[in-house]
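Throughout, read-outs are computed from the coordinates displayed, never taken from laboratory work. All figures in this text were calculated on a predicted structure; none of them were measured in a lab. No Cβ is skipped: glycine too gets one built from the backbone with ideal geometry, and neighbour counts run over all protein chains shown.
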Amino acid sequence: MPEKTSKNTLLHDLSRLYSDMEKAYNRTADKIGLSCHGCPDNCCATYFQHHTYVEWAYLWEGIKSSPQKEQQVFMNRATDYVRQSHALLRRGLRPRIMCPLNHDGRCRLYDHRLMICRMHGVPNSFVRPDGKNMNFPGCFKCQEICSHLKEVPVLDRTGFYQNLASLEMAFVQQENNALPKVKLTIAEMLIKGPPRILRNRQNPLTLSG
């Protein structure tokens, strides 16, 4: 299969996986009675790092579909975000800065938001590859609501992570560990540009962008 077709197919599969995540999230939120409406907080200011090349590429599909003027606004904000967040991290502080894609409290690339952005909020859990169970109570508003519930619904993210891992392996076509691991904020993904895997004689798999 040609590389371009393969990439498009994988990004389409990721879009469908995101849709499944959103449906599962909504079912859990509905059971709890959780809504972002009227919340004094904004999750877009939470410091999230993302870990897959395929999601990085999907994000850039959204960036490139935006008007050129808006793209420049995103890049300017991303530059400020990276500067401020790195300064705070050097001081041992966890950054609390609005995502560069957020405008007036809303994500400008909502349809292209990444997995963590889609799943944060409700109580959730997943089983790591080593078998360890990981549990998270949800956002502060969710915890307040759940404190009054006799039984708290929990969203199991394990299957979603497994499917995302499969898409990631297919996307990078990685048979070894030559690629550096992704550990980037959305702002850093913007500054670095789209992920591009280049092949050459010295290093069969290298990343630029």
Positive-end residue of Leu109, Cys99, Phe136, charge dipole of the chain with Cβ unit charges: Cys99
Could you compute the net charge surrounding Ser19? Neighbours are other residues with a C-beta less than 11 Å from the C-beta of Ser19; K and R count +1, D and E count -1. -1
Segments 48-61, 6-19, 140-153 sorted - mean Cβ within 10 Å per residue, highest first: 48-61, 6-19, 140-153
Between the residues Gly62, Val152, Tyr47, the Cα farthest towards the positive end of the dipole of the chain, that dipole coming from +1 and -1 charges on the beta-carbon of Lys, Arg, Asp and Glu, is from Tyr47
Karplus couplings for the stretch 120-133 from phi (6.51 cos²θ - 1.76 cosθ + 1.60, θ = phi - 60°), rounded to Hz, Gly and Pro as x? 6, x, 8, x, 8, 8, 7, 9, 6, x, 7, x, 6, 7
In what sequence do Ile191, Ile63, Ile186 fall when counting other Cβ within 10 Å, fewest first? Ile191, Ile63, Ile186
Could you order peptides 34-45, 92-103 by the average number of other Cβ atoms within 10 Å of their residues, highest first? 92-103, 34-45
When N counts the residues of the stretch 3-208, how does its alpha-carbon radius of gyration compare numerically with 2.2 N^0.38 Å, as a ratio? 1.08
Does the stretch 105-155 come out rounded, prolate or oblate by the C-alpha gyration tensor, with a ≥ b ≥ c the root eigenvalues, rounded set by a/c under 1.5 and, if not, prolate when a/b is larger than b/c and oblate if not? oblate
